[in-house]
Amino acid sequence: MLNQRFEIITGSFCNTYPVNPVYKLNSFLPMRILLFVLFLPVGLLAQSRATLSGYLKDSSNGEALIGATIYIKSLSTGATTNVYGFYSLTLDPGDYEVTFSYIGYAAQVKTVSLTGNVRLDLELIPEGTQLEEVVVSSDREEQGAKSLEMSVNRLDIKTITRIPAFLGEPDLIKSLQQLPGVSTVGEGASGFNVRGGSVGQNLILLDEATVYNSSHLLGFFSVFNPDAVKDVKLYKGAVPAQFGGRISSLLDVRMKEGNNKKHEVSGGIGTIFSRAAVEGPLFDGKGSFIVAGRRSYADILARPFVDILQDGAALNFYDLTGKANYNINDRNRIYLSGYTGRDKFFFDKNQGFSWGNNTGTVRWNKIFNDRLFANFSGIFSKYDYSLQFGENERDNFRWKSSVRNLTFKPTFSYFINANNELSFGAEANYYSFEPANAYGTSNGNRIDISLPEKYNLETAYYVGNNQKLSQAIAIEYGIRFSHFVGLGAGSQFIYNDTVPGLRKTPIEERTFSSGEKMVTYQNFEPRFSIKAELNDQSSIKASYNRMAQYVHLISNTTASNPLDVWTPSTNNIKPELGNQYALGYFRDFGKDKMFEFSVEAYYRTTENQIDYIDGADLLINQFLEGDLLTGIGRAYGLEFYLQKKVGKFTGWAAYTLARTELKVDGINKGEWYAARYDQAHNLKLSGFYDLNKRWSASANFTFVSGTPATFPTSRYIVQGILIPYNAEDSRNNVRLPTYHRLDVSFRLEGKTMRKNGSPRKNSDYWVFGVYNLYGRRNPFSIYFTQGSERVAVGSPINSEARQLAIIGTVIPSVSYNFKF
């Protein structure tokens with residue numbers, strides 16, 4: 001008989017209980033059954049079928065093409081390449097005409113005789129450079145309405161570099177904010193919000209490594225160097241079972257592999273920073289590499305003219321991104337990639353703060369046979385920040401904090417047949433949290449106020465299948481089982497029960513030895529998607545996913561900042577759980593289906609959502625959990641998207657009508673209230689127009705409802721000092737004014753021919769931009785202050801509201817970009 005608590009909430013697939021060895025074995029039984037059912041057809045089909053497999057790459061640089069299409073028109077079936085450019089298609093023996101295509105590349109048609117397994121690696125030629133002998137065909141399995149994916153946005157680097165940007169520097173995160181369902185609380189805010197989720201509820205991966213803070217310069221730029229990025233994919237919902245750990249969204253960023261044909265140097269010189277990248281072949285073309293770096297220099301240029309900068313002050317960032325790969329043979333390939341970056345914000349040589357990310361990924365691609373593809377990844381990720389102030393070594397304060405994780409991740413794809421692609425694998429994450437390595441020194445006496453480190457192990461197992469039931473109907477289903485353990489050495493606090501909304505105090509402390517289990521959680525996370533084609537141009541799609549989050553970003557500021565605290569689940573902080581339902585209509589129309597339209601409705605619920613008591617102390621607080629509150633959340637909305645994909649004029653319109661609310665006992669009298677990042681209306685317009693062969697123009701327009709804020713409802717006066725007060729205990733009771741902004745840019749391509757008529761080997765272009773064209777002073781926050789003038793005794797004291805605008809003027813820019 002089990003002597004431990006076992007609880008399953010019906011219909012929620014959530015269980016929270018310690019596990020004994022007997023149950024641990026039984027807990028994997030559903031997964032074993034599912035694997036057996038999914039693998040059952042394999043043995044029956046393997047003897048009578050043949051497999052066409054291989055890699056698709058870019059002919060100009062050898063880069064793998066992600067999501068390229070392999071289509072057989074006679075069977076109305078096909079496949080797409082995975083993130084490494086690999087495809088596999090199992091069919092009855094016979095002769096087939098196969099079309100290989102990818103957006104922006106000339107399609108190729110090959111006649112393949114399948115009498116046995118065939119390996120066919122191809123290189124597609126970018127449009128505009130294709131050779132005359134290549135057969136160009138428009139036959140391909142369409143994306144958009146015909147794709148099973150929904151709630152997914154993908155941006156290619158060419159598009160990102162054309163979007164008007166702050167100070168003329170293309171930025172991945174800012175570009176994503178032009179899409180439906182993606183928002184931010186304002187300029188200068190770190191991160192982004194997706195479908196009512198907080199910044200800390202987004203899983204951001206760079207070559208599979210977790211990025212805990214995606215921003216440079218307090219949110220004006222992202223950590224992703226566009227010169228090193230190949231593919232960007234944002235899952236707002238319908239997240240595959242392979243991924244987990246956050247409950248809002250997944251941003252999957254894949255780095256370039258490097259040009260294995262020739263050496264290239266590219267980069268740019270801009271208003272605030274410059275960047276450069278070097279790439280080329282290794283080992284006689286069996287491998288390749290890329291190294292890309294950036295460094296801002298506004299403080300360097302201003303140093304001769306600003307006194308404070310001459311005393312050691314700094315405001316800059318740098319990052320370095322690198323990747324290399326080596327093809328051992330046609331079935332084995334290894335990759336090594338990494339990133340390091342840091343921001344510095346110092347008021348003088350002794351006072352300021354800094355923060356940075358470091359990641360590293362080692363991967364081994366293995367093709368076991370024509371149907372079974374595997375990848376084994378070892379991953380390191382670290383985010384750290386520090387704060388210091390004080391004029392000398394006898395009187396100062398120093399604080400460092402970090403979160404680190406080591407990950408091992410084996411993943412497998414089994415291409416059962418043309419209608420079934422099975423994926424399965426596992427993941428293990430070991431976390432180390434350092435909340436505070438801090439001390440203060442007063443008159444030479446040092447006082448250590450550090451907090452102990454926390455250790456955790458999160459593991460997961462998943463299985464999923466992408467299945468075509470017919471030419472019109474396709475489904476993707478899977479399940480993920482996640483398990484989280486808090487490990488010693490450490491302490492665990494038990495808090496008293498008090499009035500909701502008031503600080504709790506610890507009444508008991510439990511200590512654990514090194515490696516001892518302190519707390520255990522585990523969850524089943526089912527995923528399901530379905531597509532039903534109504535005709536050749538339109539379809540209806542629906543999805544559901546449940547996700548669990550065991551690490552949490554603790555922040556009660558207007559916007560996320562570098563000093564926010566990451567903390568794991570404990571006995572007092574339960575895992576956040578999210579459920580999302582989505583339903584959408586998709587349509588491709590116009591000549592050659594140049595237009596794409598979609599409308600998606602979503603409804604999202606969350607459990608154990610974290611909020612804070614008034615006056616919560618979040619930094620260097622041993623009893624942080626006593627200041628936290630938890631409740632439930634809900635977010636729902638409609639997303640409209642219309643895109644024109646080809647022609648001299650291209651672009652898109654994105655509109656989101658949404659609501660995000662929280663309900664926490666102890667806040668707002670226990671009633672629903674708007675989340676800080678709630679925005680009812682969000683309209684984004686992006687347009688690109690080719691004026692001629694050399695000149696092109698781009699524009700963005702943004703219109704967003706004001707975000708909520710908490711204003712005082714009364715005031716009281718103590719010794720002549722006016723103190724605003726919220727007497728109604730309301731949270732986010734008013735909204736800031738509407739945000740709107742127009743950005744424009746013009747791009748001038750360099751000449752392609754020399755004076756003697758020969759083509760230039762190098763390419764370059766200029767970008768001239770204006771951010772905030774009509775100088776709108778968009779409010780970031782509004783605060784209240786007492787007037788500075790002296791008030792006579794007995795006279796009323798006036799207060800005034802002041803609006804803070806991060807960007808309140810027109811900002812022009814110019815940048816020069818090159819490649820040779």
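If only Cα atoms are counted, what is the Rg of region 317-467, and what is its Dmax, in Å?
Spelled out, the Cα radius of gyration and Dmax of region 317-467 are 22.4, 75 Å.
Taking the dipole about the Cα centre of the chain, with the C-beta of Lys and Arg at +1 and of Asp and Glu at -1, give me whichever of Val291, Ile72, Thr407 is farthest to the positive side.
Going by the charge dipole, the pick is Ile72.
Counting residues in region 379-484 as N, plug N into 2.2 N^0.38 Å and put the Cα Rg over that result.
Numbers: Rg = 24.0 Å, N = 106, 2.2 N^0.38 = 12.9 Å.
Ratio of Rg to 2.2 N^0.38 Å for region 379-484: 1.86.
At a threshold of 8 angstrom on Cα-Cα distance, excluding pairs fewer than six apart, so keeping six or more, what relative contact order does region 374-468 reach in percent? Please report the intermediate quantities before stating the final value.
Numbers: 224 pairs, mean separation 26.3, N = 95.
28 percent.
Provide the net charge surrounding Phe701, with neighbours chosen by a C-beta distance below 13 Å and charges set as Lys +1, Arg +1, Asp -1, Glu -1. Before the final figure, lay out the partial values.
On the way: positive: Lys684, Arg741, Arg776; negative: Asp743.
Once all neighbours under 13 Å are counted, the net charge is +2.
Hey, with R₀ at 51 Å, roughly what FRET efficiency would Arg802 and Ile269 work out to, going by the Cβ-Cβ distance, to 0.05?
Numbers: r = 38 Å, r/R0 = 0.74.
According to the calculation, E is roughly 0.85.
Check cross-link reach from Lys541 to the lysines: straight Cα distance under 17 Å, and skip same-chain residues fewer than eight apart.
Cα-Cα hits under 17 Å: Lys146, Lys236, Lys468, Lys531.
With a ≥ b ≥ c taken as the square roots of the eigenvalues of the C-alpha gyration tensor of region 186-331, please select rounded if a/c is under 1.5 and otherwise prolate if a/b is larger than b/c or oblate if it is not?
Values: a/c = 3.01, a/b = 1.14, b/c = 2.65.
Judged from the Cα gyration tensor, region 186-331 comes out oblate (a/c at least 1.5, b/c at or above a/b).
Thr271's amide H: which non-local residues (gap 5+, or another chain) put their own amide H closer than 5 Å, with H modeled 1.01 Å from N in plane and none for Pro or chain starts?
Residues meeting the criterion, in which the H sits 1.01 Å from N, are Val814.
Quick one: in region 647-796, what % of C-alpha pairs are over 22 Å apart? Please report the intermediate quantities before stating the final value.
Numbers: 7233 of 11175 pairs.
Tail of P(r) above 22 Å: 65 percent of Cα pairs.
Restricting to lysines 8 or more places apart or on different chains, can you count the pairs in region 666-820 with Cα atoms under 14 Å from each other? The partial results should precede the final answer.
Working: Lys693/Lys751; Lys751/Lys761; Lys751/Lys819; Lys761/Lys819.
Total qualifying Lys-Lys pairs in region 666-820 comes to 4.
So for the chain, averaging the separation of alpha carbon pairs under 8 Å that are six or more residues apart and normalising by length, what relative contact order in percent results? Write down the numbers at each step before the final one.
Working: 2246 pairs, mean separation 80.5, N = 820.
Relative contact order comes out at 10 percent.
Could you state, as a whole-number percent, how many of the C-alpha pairs of the chain are farther apart than 42 Å? Present the calculation step by step, with values, prior to reporting the outcome.
On the way: 114250 of 335790 pairs.
For the chain, the fraction of Cα-Cα distances above 42 Å is 34 percent.
With angles folded into 0 to 90 degrees, how steeply does helix 29-46 sit against the dominant principal axis of the chain? Use alpha carbons for both and round to 10.
On a 0 to 90 degree scale, this one is about 20.
Taking H as built 1.01 Å from N, whose amide H comes closer than 5 Å to the amide H of Val463, not counting residues under 5 places away?
Those lying under 5 Å, H to H, from Val463 are Ile479.
Calculate the tail of P(r) for region 473-590: the fraction of all Cα-Cα distances greater than 16 Å, expressed in %. Before the final figure, lay out each step's value.
Values: 5207 of 6903 pairs.
For region 473-590, the share of Cα pairs beyond 16 Å comes to 75 percent.
Take the alpha-carbon centre of region 690-756, take the same for region 316-350, and report the distance between them in whole Å.
32 Å
I'd like the Karplus ³J(HN,Hα) series for region 704-715: coefficients 6.51, -1.76, 1.60, θ = phi - 60°, whole numbers in Hz, and an x wherever there's a Gly or Pro.
Here the 3J(HN,Hα) series is 9, 4, x, 7, x, 8, 9, 10, x, 10, 7, 7 Hz.
Given charges of +1 on the Cβ of Lys and Arg and -1 on the Cβ of Asp and Glu, with all other atoms neutral, how large is the dipole of region 632-750 about its Cα centre, in debye to the nearest 20? Kindly include the intermediate steps, with their values, before the conclusion.
Numbers: 16 positive and 10 negative charges, 106 e Å.
About 500 debye.
Return the aspartates and glutamates within reach of Lys286: Cα separation strictly under 18 angstrom, same-chain partners fewer than 8 residues apart disregarded; answer none if there are no such residues.
Straight-line reach from Lys286, under 18 Å: Asp58, Glu63, Asp121, Glu123, Glu257, Glu264, Asp330.
Quick one: if you take sqrt(5λ) for each eigenvalue of the C-alpha gyration tensor of region 582-710, what semi-axes come out, biggest first, whole angstrom?
Ellipsoid semi-axes (Å, largest first): 42, 18, 12.
Before rounding to the nearest 500, sum -39500 (n - 2.57) across all DSSP H runs of length at least 4 in the chain and divide by the residue total; then give [θ] at 222 nm in deg cm²/dmol. Please list the in-between numbers first.
On the way: 5 runs with 40 residues, N = 820.
That calculation yields -1500 deg cm²/dmol at 222 nm.
Determine the sum of side-chain charges near Ile807: Lys and Arg each +1, Asp and Glu each -1, restricted to other residues whose C-beta is under 10 angstrom from that of Ile807. Each step should come with its number before you reach the end.
Numbers: positive: Arg741, Arg776, Arg777; negative: Glu187.
Net local charge, Ile807 excluded: +2.
Using a 7 Å offset from Cα along Cα-Cβ at Asp764, what residues in region 246-273 end up with backbone N under 19 Å from the label point?
Hits in region 246-273 for Asp764 at 19 Å: 264-273.
R0 = 41 Å: FRET efficiency of Glu97 with Thr557, Cβ-based, nearest 0.05? Numbers along the way, then the final one.
Numbers: r = 59 Å, r/R0 = 1.45.
Once the sixth-power term is evaluated, E becomes 0.10.
Could you compute the net charge surrounding Phe368? Neighbours are other residues with a C-beta less than 14 Å from the C-beta of Phe368; K and R count +1, D and E count -1. Before the final figure, lay out each step's value.
Details: positive: Arg119, Arg331, Arg333, Lys366, Arg371; negative: Asp330, Asp370.
Local net charge: +3.
With +1 on the Cβ of every Lys and Arg and -1 on the Cβ of every Asp and Glu, and nothing else charged, how large is the dipole of the chain about its Cα centre, in debye rounded to the nearest 20? Could you put the intermediate results ahead of the total?
Working: 86 positive and 79 negative charges, 267 e Å.
Approximately 1280 debye in magnitude.
Using mean Cβ contacts within 10 Å as the protection proxy, how do 339-345, 505-511, 396-402 order, highest first?
Working: 339-345: 20.1, 505-511: 11.0, 396-402: 18.3.
Order by mean packing, descending: 339-345, 396-402, 505-511.
Values quoted throughout were computed directly from the atomic coordinates according to the rules given, and no laboratory measurement underlies them. Not measured: the values here are computed from a predicted model. Cβ atoms come from the backbone with ideal geometry, glycine included; neighbour counts cover every protein chain shown.
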